[in-house]
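Engineer: Below is one structure. I have some questions about it.
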Amino acid sequence: MLDYFHAVYVDQNRCNGCTRCLRVCPTQAMRIRHGKANILENKCIDCGECIRVCPQKAISAKVDTLEIISSYKHKLLVYSPVFFGQFRKTDNVKKILGIFKLLGFDDIIGVDTGGMIISDIIKNFLKDKKNIYRPYISTNCPAVVRLIQVKFPSLINHLVPLRNLMDVAGEYLKHVYQEKTGASDDEIGLFYLSPCPAKVVAIYQPEAEEKRIFDGVFSLGDMYNEIRRIMEKQDFSEMDMEEEIVSSKFALRWSALGDVENKFNESVTLRIDGIQNAIRFLERLENGEIKDIDFVDMYSCDNSCVGGVFTKEDAFISEYRIKKIAEGLPDEPALALPFDRDEICSIGMPLKPRPISPLDEDIKEALKKMKKIEEVNRLLPQLNCGMCGCPTCYDLAEDIIIGKDVTIYDCPVILKERLRKLSKDIVQMAGHVNPIENDSEGFTPI
C-alpha cells in the first residue's frame with residue numbers, strides 16, 4: 001500500500017495522554033497507548049484539529065524553513081490571502097507583500113489569482129447537465145478531499161474533477177515568470193504560504209497529480225512572525241517596496257472566506273465550514289437526503305481558511321479585514337493568460353478513494369474477524385468515553401481483534417466489573433478456608 005506523507009506529528013516527550021486529541025479527531029485516527037498519543041497514519045487526514053486542542057503543544061506540523069529557497073536560482077511564492085487578515089492596518093497590504101522581495105522571492109502571487117482563472121471553468125462545468133453527480137464539492141480544502149477518500153469513498157465522484165485554487169495559481173505564476181525571464185524548470189523553486197497542515201500534505205503528496213507542482217511550503221504563522229520582525233527593525237512607513245494584488249472582489253473573498261454565492265449565482269451553492277458540519281453534510285449526502293444543490297465549497301476549519309491552524313489572528317477579525325480589502329478591488333480585472341486556461345485547471349488523473357488496511361487479505365478471514373469485532377463490541381458498554389485510549393468502543397473492539405496490543409480489560413468499565421467479581425470471589429473463597437490448613441500456616445482461622 002502507498003505510504004502516506006503526513007504533516008501532523010506528536011512530540012512524545014510533551015504528550016501527557018490527556019485524550020483531548022482523541023475526542024476531536026474526525027476519522028478516529030488517534031490512539032492513547034502507554035500514556036502517549038499515537039496517530040494511525042492510514043486514517044489521518046491532517047486536518048489539524050488535534051493541534052488546535054492540545055494543551056501541552058505536543059502536536060505540531062512539519063513545514064519548511066526559509067533556508068530552502070537558497071537552493072534555487074529563481075524563487076516564486078504563492079501566498080494564501082488569509083495572510084492579509086493577520087495585520088491590523090489593511091491599507092498596508094501592498095507594502096507587506098513587498099517585504100517578500102526582501103526575503104529573497106523574485107515574484108509572488110495570491111491563491112485568489114487561481115480563483116480568477118478557474119471560476120468560469122467551474123461555472124461552465126455546473127451548467128453542463130451531463131455532469132450528474134450533484135452536489136459537486138470543491139477541491140480547495142485538502143482535508144475535505146481526504147475526509148471523503150477515507151470516510152466517504154462512495155462520494156468520490158462528487159468532487160469537482162478540477163485542480164484547487166492553490167495549484168492553479170502556482171501553475172499560472174510559473175508560466176508567466178518563465179514567459180518573462182526564460183528561466184528553465186530546474187532553475188525555479190515554487191513555494192506556498194499555507195494557513196493549515198492539510199495544504200502542507202497537498203504540496204508534498206498531491207492528489208490526482210503525476211508529480212508535485214510546488215517545491216516547498218511555509219507556515220503562515222511562521223512567516224507572519226518573520227514579517228513582523230522586519231517591520232519592527234526597519235521604518236515601515238519609509239519603505240517604498242510595494243506589490244500589486246492581482247485579484248478581484250470575488251476571487252479574494254472566495255479564496256480566503258469560501259464566499260461562492262455571488263460568482264456562481266446561476267447555480268445553487270453552499271459554503272460549509274467546520275469538520276463536524278462537513279461530516280454531517282456528507283452523511284446526509286451519502287444517505288440520499290441532499291437534493292437540488294449544485295455546488296458546495298467545503299472546509300474543515302471553522303470560518304474556512306481564515307480559521308486555519310497556522311493563523312495568528314481571530315478568524316472573525318481576519319474575515320472583517322479581508323472583506324474590507326476586497327471592497328477596494330475591481331469586479332472583473334483583465335488577466336492575460338499565456339496558455340490554455342483548461343490546461344492548468346485540469347487534474348492529471350482521476351481522484352480515487354484512499355484504501356485503509358483491510359482486516360485480512362483473505363476475505364474469509366476478514367469476515368471472521370469482522371464477526372469477532374461485533375461480538376467483542378457487544379460486550380463493551382457503548383459509552384465511547386475514550387478512557388481505554390480509543391475514540392469509541394467499536395474502535396477498541398477492532399484494535400483487540402486486529403492485535404493492537406490491547407485487551408478488553410483496557411476498558412475501565414469492564415475492568416471495574418471484573419475486579420468487583422474477583423473481590424467477591426475472594427471473599428467467598430476466604431469464607432470456605434479449611435481451618436486446619438489455615439492454622440498450619442500460622443494464621444488465625446476466620
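Engineer: Checking the structure you have, find out if any residue of the stretch 99-118 is open to solvent by 10 Å² or more (accessible area, probe 1.4 Å), among the small types (Gly, Ala, Ser) and touching a strand residue (DSSP E or B) at 6+ places or on another chain (Cβ under 9 Å).
Structural biologist: Yes; the residues of the stretch 99-118 include at least one that is open to solvent by 10 Å² or more (accessible area, probe 1.4 Å), among the small types (Gly, Ala, Ser) and touching a strand residue (DSSP E or B) at 6+ places or on another chain (Cβ under 9 Å).
Engineer: From Arg212, Arg271, which residue is touching a strand residue (DSSP E or B) at 6+ places or on another chain (Cβ under 7 Å), outside any helix (DSSP H, G or I) and surrounded by fewer than 23 Cβ atoms within 10 Å (Cβ to Cβ)?
Structural biologist: Details: Arg212 fails: touching a strand residue (DSSP E or B) at 6+ places or on another chain (Cβ under 7 Å).
Residue meeting the stated conditions: Arg271.
Engineer: Consider the stretch 338-360. How many of its residues are open to solvent by 50 Å² or more (accessible area, probe 1.4 Å) and in a loop (DSSP other than H, G, I, E, B)? If you could, list the steps in order and put the result at the bottom.
Structural biologist: In the first step, residues of the stretch 338-360 are kept if they are open to solvent by 50 Å² or more (accessible area, probe 1.4 Å); the result is 338, 340-343, 346, 349-350, 352-353, 355-358.
Narrowing further to those that are in a loop (DSSP other than H, G, I, E, B): 338, 340, 349-350, 352-353, 355-358.
The total comes to 10.
Engineer: While we're on this one: Filter the helices (runs of 4 or more DSSP H) completely within the stretch 100-189 down to those with at least 2 residues that are aromatic (Phe, Trp, Tyr).
Structural biologist: On the way: elements: 111-127, 142-151, 165-181.
In the stretch 100-189, 165-181 are the helices (runs of 4 or more DSSP H) which contain 2 or more residues that are aromatic (Phe, Trp, Tyr).
Engineer: Just name the residue that is farthest from Asp395 (Cα to Cα) out of those in the stretch 3-23 that are open to solvent by 40 Å² or more (accessible area, probe 1.4 Å) and touching a residue at least 60 places away in the same chain (Cβ under 8 Å). It would help to see each step written out before you state the result.
Structural biologist: Step one: list which residues in the stretch 3-23 are open to solvent by 40 Å² or more (accessible area, probe 1.4 Å), which gives 3, 5, 9, 11-14, 16, 18, 20, 23.
Subset that is touching a residue at least 60 places away in the same chain (Cβ under 8 Å): 5, 23.
Working: Phe5: 23, Arg23: 13 Å.
Of everything passing the filter in the stretch 3-23, Phe5 is farthest from Asp395 (Cα to Cα).
Engineer: Could you tell me which residue of the stretch 48-66 is most open to solvent (accessible area, probe 1.4 Å), considering only residues that are part of a loop (DSSP other than H, G, I, E, B) and over 19 Å from Tyr79 (Cα atoms)? Before the answer, list the steps.
Structural biologist: Quick first cut of the stretch 48-66, residues part of a loop (DSSP other than H, G, I, E, B) only: 48, 54-58, 62-65.
Imposing the further condition that a residue be over 19 Å from Tyr79 (Cα atoms) reduces the set to 48, 54-58.
On the way: Gly48: 1, Cys54: 18, Pro55: 61, Gln56: 78, Lys57: 130, Ala58: 1 Å².
Only one residue tops the list, namely Lys57.
Engineer: Let me ask something additional. Residue by residue through the stretch 147-163, note down the ones that are of a type outside the set (A, V, I, L, M, F, W, C) and either touching a strand residue (DSSP E or B) at 6+ places or on another chain (Cβ under 6 Å) or surrounded by fewer than 24 Cβ atoms within 10 Å (Cβ to Cβ) (or both).
Structural biologist: Gln149, Lys151, Pro153, Ser154, Asn157, His158, Pro161
Engineer: Could you list all residues from the stretch 274-313 that are open to solvent by 10 Å² or more (accessible area, probe 1.4 Å), under 21 Å from Ile132 (Cα atoms) and either assigned to a loop (DSSP other than H, G, I, E, B) or not basic (Lys, Arg) (or both)?
Structural biologist: Matches in the stretch 274-313: Phe281, Glu283, Leu285, Glu286, Asn287, Gly288, Glu289, Ile290, Lys291, Asp292, Ile293, Asp294.
Engineer: Just checking, which of Asp107, Asp112, Asp167, Asp91 is without any contact (Cβ under 8 Å) to a residue 40 or more places away in the chain and among the acidic types (Asp, Glu)?
Structural biologist: Unique residue meeting the criteria: Asp91.
Engineer: Which pairs have Cβ atoms under 8 Å, sit 6 or more apart or on different chains, and link a residue in the stretch 116-129 that is of a type in the set (Asp, Glu) to one that is surrounded by 12 or more Cβ atoms within 10 Å (Cβ to Cβ)?
Structural biologist: Asp120/Arg341
Engineer: Given the criteria out of contact with any Lys or Arg (no Cβ under 6 Å at 6 or more places or on another chain), under 28 Å from Ile156 (Cβ atoms), part of a loop (DSSP other than H, G, I, E, B) and among the basic types (Lys, Arg), does Lys369 qualify? Spell out how you get there, then give the answer.
Structural biologist: Numbers: out of contact with any Lys or Arg (no Cβ under 6 Å at 6 or more places or on another chain): yes; under 28 Å from Ile156 (Cβ atoms): yes; part of a loop (DSSP other than H, G, I, E, B): no; among the basic types (Lys, Arg): yes.
No.
Engineer: For the stretch 322-332, how many residues meet the condition of being in a loop (DSSP other than H, G, I, E, B), in contact (Cβ under 8 Å) with a residue 24 or more places away in the chain and open to solvent by 40 Å² or more (accessible area, probe 1.4 Å)?
Structural biologist: 3
Engineer: Out of all the residues in the stretch 119-146, which are surrounded by fewer than 23 Cβ atoms within 10 Å (Cβ to Cβ), β-branched (Val, Ile, Thr) and either under 24 Å from His175 (Cα atoms) or under 26 Å from the mean Cα position of the chain (by Cα) (or both)?
Structural biologist: Ile121, Ile122
Engineer: For the stretch 286-321, enumerate the residues that are under 27 Å from Val53 (Cβ atoms), in contact (Cβ under 8 Å) with a residue 40 or more places away in the chain and in contact with a strand residue (DSSP E or B) (Cβ under 9 Å, 6 or more places away or on another chain).
Structural biologist: Hits for the stretch 286-321 are Val296, Asp297, Met298, Tyr299, Ser300, Cys301, Asn303, Ser304, Cys305, Gly308, Val309, Phe310.
Engineer: If I go through the stretch 177-202 residue by residue, how many of them are closer than 21 Å to Leu66 by Cα and either buried (at least 17 other Cβ atoms within 10 Å of the Cβ) or touching a residue at least 12 places away in the same chain (Cβ under 8 Å) (or both)? Please lay out each step first, then the result.
Structural biologist: Within the stretch 177-202, the first condition is being closer than 21 Å to Leu66 by Cα, and the residues that meet it are 177, 185-202.
Remaining after also requiring either buried (at least 17 other Cβ atoms within 10 Å of the Cβ) or touching a residue at least 12 places away in the same chain (Cβ under 8 Å) (or both): 177, 187-202.
Of the residues in that region, 17 qualify.
Engineer: With respect to Lys89, determine if the residue is at pLDDT below 95 and surrounded by fewer than 23 Cβ atoms within 10 Å (Cβ to Cβ).
Structural biologist: Values: at pLDDT below 95: yes; surrounded by fewer than 23 Cβ atoms within 10 Å (Cβ to Cβ): yes.
Criteria met by Lys89.
The values are calculated or read from the model by the stated rules, or taken from the named source; none is laboratory data. Not measured: the values here are computed from a predicted model. Every residue, glycine among them, receives a Cβ derived from its backbone with ideal geometry; neighbour counts consider all protein chains shown. Side chains included, ligands, DNA and RNA excluded: accessible areas come from the protein's heavy atoms. Shrake-Rupley method; radii C 1.70, N 1.55, O 1.52, S 1.80 Å.
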